[in-house]
1. Please enumerate the residues belonging to segment 121-140 that are in contact (Cβ under 8 Å) with a residue 12 or more places away in the chain, over 30 Å from residue 66 (Cα atoms) and open to solvent by 60 Å² or more (accessible area, probe 1.4 Å).
2. Filter segment 38-70 down to residues that are touching a residue at least 12 places away in the same chain (Cβ under 8 Å) and within 18 Å of residue 143 (Cβ to Cβ), then give me how many there are.
3. Give the number of residues within segment 41-57 that are at pLDDT below 95 and not acidic (Asp, Glu).
4. Quick one: which residue in 18, 54 is hydrophobic (A, V, I, L, M, F, W, C) and either loosely packed, with under 14 Cβ neighbours inside 10 Å or under 14 Å from the mean Cα position of the chain (by Cα) (or both)?
5. Give me the residue from segment 68-120 that is among the polar types (S, T, N, Q) and surrounded by 16 or more Cβ atoms within 10 Å (Cβ to Cβ) and, out of that set, nearest to the chain's Cα centre (by Cα).
6. Looking at segment 27-46 only, could you name the residues that are open to solvent by 10 Å² or more (accessible area, probe 1.4 Å) and under 15 Å from residue 163 (Cβ atoms)?
Amino acid sequence: PSRRSATLRLRRLKRSELPLETVAMARFLIGCTLVHDVKGTRLAGRIVETEAYLQGDAASHAYKGRTGRNPSMFLRRGHAYVYISYGVWPMLNISSEEVGVGEAVLIRALEPLEGVDAMRRGADDRLVDIARGPGRLARAMHISLADDGADLCGPGPLFLATPLRLAGQIGVSTRIGITKDAH
């Protein structure tokens, strides 16, 4: 029997709805819903923090061009670029430009909405901590390197959906944990 809940009424985002400019995409994604259907359970969260990585950005994985690690970053907008940070943490990025342009948006934090029990790693996990930070987010959403290259606007189990409510005012700050081109 499926444990999938039908509490959220979600519509997958169409690629044509995604802005074709990385900073605009980073702002657009705030409030959107990230969904991952895993083993009969729907995991869903509201995107609350993003980070843009542009061409010429020394902190970007595409700074030196296409490599064996980053080809998904060069896919057309709306594809997952997943890599492992510090040898442990999967990080979910979303490609944000035309094919061949290596730019992406890192999804830094989510507000868990559905499948919270499946997102938790321990009984004492506070709701606010489950998907706080990109590594925890990927762990909570059961995202791994196997999801690298997934079309988040396509029919797969990992996808972007419309916001459930409008986002409030969006703050802008320097990037966290970055020393090169932190602005």
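1. Of everything in segment 121-140, those that are in contact (Cβ under 8 Å) with a residue 12 or more places away in the chain, over 30 Å from residue 66 (Cα atoms) and open to solvent by 60 Å² or more (accessible area, probe 1.4 Å) turn out to be 121, 127.
2. Kept after step one, since they are touching a residue at least 12 places away in the same chain (Cβ under 8 Å), are these residues of segment 38-70: 38, 40-55, 57-62, 65-66, 69-70.
Filter once more, keeping what is within 18 Å of residue 143 (Cβ to Cβ): 38, 40-51, 53, 61, 69-70.
Of the residues in that region, 17 qualify.
3. Residues flagged as at pLDDT below 95 and not acidic (Asp, Glu) within segment 41-57 amount to 5.
4. 18
5. First, the residues of segment 68-120 that are among the polar types (S, T, N, Q): 70, 72, 85, 93, 95-96.
So of that shortlist, the ones also surrounded by 16 or more Cβ atoms within 10 Å (Cβ to Cβ) come out as 70, 72, 93, 95-96.
Numbers: 70: 15, 72: 13, 93: 5, 95: 10, 96: 11 Å.
Applying the filter and picking the extreme gives 93.
6. 27, 28, 30, 46
The values are calculated or read from the model by the stated rules, or taken from the named source; none is laboratory data. These figures come from a predicted structure and were not determined experimentally. Don't worry about glycine lacking a Cβ; one is built from the backbone with ideal geometry, like all the others, and counts go over all protein chains shown. These accessible areas exclude ligands, DNA and RNA; they are computed on the full protein's heavy atoms, side chains included. Shrake-Rupley method; radii C 1.70, N 1.55, O 1.52, S 1.80 Å.
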